[in-house]
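What follows is a set of notes on a single structure, which appears directly below.
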Amino acid sequence: MTRLIGWWLWGLLSLTAVVGCASRPAPLAPALVSDACEQQFERWHLQVASQGRQDAQDWSPPGFPYLRVDRLLASFELADLSLAQRRDWLSRAHGKARQAWWFEREGGPADASGWLAGLHACSAQAIAELPEDEASWRRLAATVRVPDDYRSGAQIAGLYPLVRPIVHWRATVTMQGLADRFGHYRALGRWRFYGPPETERQAPTAWQRDRLGIPVFEPAALERLFHRHAPVWRIDTRDRHDRPGTPGRGLDGRLRFGLEPVVYKHLGFAYVGGVIQPQLVYQIWFAARPAQSWPDIYAGALDGVVWRVTLDDRGRALVYDSIHPCGCYHQWVLVAGGLRPAAGLNRVLEQVWVLAEVSAGAPGPLVLSLSAGDHHLVGVQAGAMGAGFSGLGSLPVYRLEPLDRLRGRSAAGGRLYRSDGLIAGTERLERFLLWPTGVDSPGAMRQWGRHAVSFTSRRHFDDPHLLDRYFVLP
């Protein structure tokens, strides 16, 4: 019997390895670069990979090391783009590559900065030729799909079809419990408020769009937009684990956390009724989610909340949604007059959890209430400042920082993210229960672009089609 079990386990491991290898694209020679440039790209890739400096936020299509794409860029049918649209698409994809190289350079050898000039020169010629090179363009179109963050091998080995009903049931119980708690939470400690940077809350001017239909912002206008929609954070505070701050990693590999009122911002995009609209992302970090019992499968180092605002053409909120930096607990807050759940949507079956609806155009920022310890969203109030909350006085003001600031070397000297986009040291015990779902290390914190948000389907927080899948314009 033991021998049979051994052979069965060996077969599963072999199958997992085969499926895992099959999901990786075969290496391709770079398109439209010289042999010397190919060697430069290969040298960069080998050094960055061997030293754990590879940036995982965007995907480099095989054979095109001078490009990086996110799920928005990968959503375009490249074969249908005009020559002008191809150039706009390439400008964005190449810009992402240059940005990734900059962060990968940090922490490298002293001459790494000098290598960037060579990469830029090698990619410039390829970018100039690629729009009109039909063979290379077709090759790009065939390889531009961004891989999802689910491991098919783990799902096969974990007999996922049999496990899925149990996972769905447990997820429903958890999310329904959080929904019932919303609006009825009683503080365990003391409420602390953190207000957004002061700015004029004037209506932003209309923005332009490029030839792909993607909104284009002047830096000052984008900054006003972020300030206009920045929320007040109302946090039930018992100890230092409920105070916001900056995550980092020391040169010794250990996680570090500096307590200071900082919120990180990021610009994303999504289709709304087939039109690409901007999304403002605000991310707050905490030092840990402390254990509330033993064992606590959800406890571990670092925690936080990601709050996202999807806008219309006039800079007004259409819908809000939120996750934790692990990709867990995806929840929605509707806006009066904004997006509505699609007719016939089975919210429980699809795991679409709507917590509340807030009024549109209320004066002042939204107030987001977070619980102590587990940092769940337990309240959202529009126009609440000065009415409903007493004794506020002068709010401590938090600082808005680009989320990209965490991609390279952190303030503590080491790199926060691993080359797979996860944050080492933030693993949770729940990963031993949920690995059959295919999510890599469930519960661990991760980089933007790597948030799988469902244990019962394949869904990503940055999927540009996510809104059109579940919501409609009224």
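Numbers at a glance
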read-out: Test: residue in segment 454-467 that is within 14 Å of the chain's Cα centre (by Cα) and hydroxyl-bearing (Ser, Thr, Tyr); value: yes
read-out: Some residue of segment 314-321 being surrounded by fewer than 20 Cβ atoms within 10 Å (Cβ to Cβ), in contact (Cβ under 8 Å) with a residue 40 or more places away in the chain and assigned to a strand (DSSP E or B); value: no
read-out: Condition broken by residue 26, with the remaining ones in (1) modelled with pLDDT of 50 or more; (2) surrounded by fewer than 13 Cβ atoms within 10 Å (Cβ to Cβ); (3) part of a loop (DSSP other than H, G, I, E, B) satisfied; value: (1)
read-out: Residue within segment 100-108 that is outside any loop (DSSP other than H, G, I, E, B), farther than 28 Å from residue 412 by Cα and open to solvent by 30 Å² or more (accessible area, probe 1.4 Å) present; value: no
read-out: Test set (1) open to solvent by 30 Å² or more (accessible area, probe 1.4 Å); (2) in contact (Cβ under 8 Å) with a residue 60 or more places away in the chain - residue 50 fails condition number; value: (2)
read-out: Any chance residue 77 is open to solvent by 60 Å² or more (accessible area, probe 1.4 Å), over 16 Å from residue 147 (Cα atoms), modelled with pLDDT of 95 or more and charged (D, E, K, R); value: yes
read-out: Hits in segment 449-470 (condition: open to solvent by 20 Å² or more (accessible area, probe 1.4 Å), closer than 23 Å to residue 312 by Cβ and in a loop (DSSP other than H, G, I, E, B)); value: 462, 463, 465
read-out: Residue within segment 397-412 that is open to solvent by less than 20 Å² (accessible area, probe 1.4 Å), over 24 Å from residue 175 (Cα atoms) and aromatic (Phe, Trp, Tyr) present; value: yes
read-out: Some residue of segment 198-206 being outside any helix (DSSP H, G or I) and open to solvent by less than 40 Å² (accessible area, probe 1.4 Å); value: yes
read-out: Tally of residues being closer than 23 Å to residue 167 by Cα and touching a residue at least 12 places away in the same chain (Cβ under 8 Å) across segment 333-348; value: 2
read-out: Residue 210 vs. criteria more than 23 Å from the chain's Cα centre (by Cα), of a type in the set (D, E, K, R) and surrounded by fewer than 19 Cβ atoms within 10 Å (Cβ to Cβ); value: yes
read-out: Residue identified as of a type in the set (Phe, Trp, Tyr), assigned to a strand (DSSP E or B), open to solvent by 30 Å² or more (accessible area, probe 1.4 Å) and touching a residue at least 60 places away in the same chain (Cβ under 8 Å) among 269, 257, 286; value: 269
read-out: Out of 242, 252, sole residue that is open to solvent by less than 10 Å² (accessible area, probe 1.4 Å), in contact (Cβ under 8 Å) with a residue 24 or more places away in the chain and among the acidic types (Asp, Glu); value: 242
read-out: Residue match in segment 165-172 (condition: surrounded by fewer than 15 Cβ atoms within 10 Å (Cβ to Cβ) and within 30 Å of residue 284 (Cβ to Cβ)); value: yes
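The values are calculated or read from the model by the stated rules, or taken from the named source; none is laboratory data. Please read these numbers as outputs of a predicted model, since none were measured by experiment. We place every Cβ from the backbone using ideal geometry, glycine too, and count neighbours over all the protein chains shown. Heads up: the accessible areas ignore ligands, DNA and RNA and are worked out on the full protein's heavy atoms, side chains in. Shrake-Rupley method; radii C 1.70, N 1.55, O 1.52, S 1.80 Å.
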